[in-house]
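The values are calculated or read from the model by the stated rules, or taken from the named source; none is laboratory data. Keep in mind it's a predicted model, so treat the numbers as computed, not measured. Cβ: placed from backbone, ideal geometry, glycine included. Neighbour counts: every protein chain shown.
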Amino acid sequence: MQVNAMIFMISLGMQFAASGLVGGQLGAHNPKQAKKFALFCVLLNLSITCVLAILIPVFSTDIALVFTQEPPTITLIENTLPYLAIFVVVDGIHGV
């Protein structure tokens, strides 16, 4: 859960940035630029979360070792992290 929380902070920051950029353009009566900023933020966030979704399974052992040294627990974490990789992408783009 801690890994997910850390990764979600990236998406959360992107959501805040998107809100500011889009809101600023809408306030300036520039809806076309607001749409461009919204699309850019969604695509950037999707790109970042997809890269992280690839890296999570690749480094699953290293991630597990940050939290524990017990072999059965490491195996459990390694088996669970691929599911987290899928969840990261879905969770990352839902709010942008």
task = Look at segment 40-96 and say how many of its residues are under 25 Å from Ala18 (Cα atoms) and touching a residue at least 40 places away in the same chain (Cβ under 8 Å).
result = 16
key: Qualifying helices (runs of 4 or more DSSP H) (wholly inside segment 12-96; at least 1 residues being surrounded by fewer than 18 Cβ atoms within 10 Å (Cβ to Cβ), modelled with pLDDT of 95 or more and of a type in the set (Lys, Arg))   = 31-58
remark   = Among the residues of segment 49-78, the number that are closer than 23 Å to Val90 by Cα and of a type in the set (D, E, K, R) is 1
